[in-house]
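Single-structure report; data block below.
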Amino acid sequence: MIFLRQFILFCLLLGGIFYALSSQFGTAVIHPLTIYVFGFFALLTLITYWVTSRLIRANPDNFMGAYFGSMVVRLLLSVGLVLVFLYNGGAQERPGLWTFLGAFLSCIFSSLGLKSGAS
C-alpha cells in the first residue's frame, strides 16, 4: 500500500512537471507523445512491481531472480518502444527525435528509481 501511495504521488508530480513544461514551451521541449510514454512506463512499473512482489511472496529466496527478471522485461519493452517510434518515422523529425528521447529517458530513469526504492 505504501508503494501505491508513493507511485500515485510520483505520477502526479511528474505529470504536473510535464504539463507545466508543455504549456510553457510547447513541442520545443515536450514531445507530443510524452503522455503515452509516461503512461507506458507507469503501467510497466505497476506490472513489474506486482509480478516481483508475487514471486517474492511465493518464495522469499527468489528475490534476485524476480528483481532482475523484471528488469530484463522492462529493458526489452523499453527498447521495443523506442524501435517502434523510430520505425514509424521518428528518426526523420530531428528536433522531435531529441524531445522524444528526452521524455523517454526522464520517464525510464525516474520510474527505475521509484521501483528500486520501493523494492
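Only one residue in Gly102, Gly80, Gly69, Gly39 is surrounded by 13 or more Cβ atoms within 10 Å (Cβ to Cβ), of a type outside the set (Phe, Trp, Tyr), modelled with pLDDT of 85 or more and within 16 Å of the chain's Cα centre (by Cα), so which one is that?
The match here is Gly39.
Among the residues of the range 36-44, is there at least one that is without any contact (Cβ under 8 Å) to a residue 60 or more places away in the chain, within 27 Å of Val72 (Cα to Cα) and of a type in the set (Gly, Ala, Ser)?
yes
Give the residue that is surrounded by the most Cβ atoms within 10 Å (Cβ to Cβ), with candidates limited to residues of the range 42-51 that are in contact with a helix residue (DSSP H, G or I) (Cβ under 7 Å, 6 or more places away or on another chain) and within 16 Å of Leu81 (Cα to Cα).
For the range 42-51, the residue satisfying everything is Thr45.
So Gly117 fits all but one of (1) surrounded by 12 or more Cβ atoms within 10 Å (Cβ to Cβ); (2) modelled with pLDDT under 85; what number is the exception?
(1)
The values are calculated or read from the model by the stated rules, or taken from the named source; none is laboratory data. Remember, it's a predicted structure, so these values are computed and weren't measured experimentally. Backbone-built Cβ (ideal geometry, glycine too); neighbour counts: all protein chains shown.
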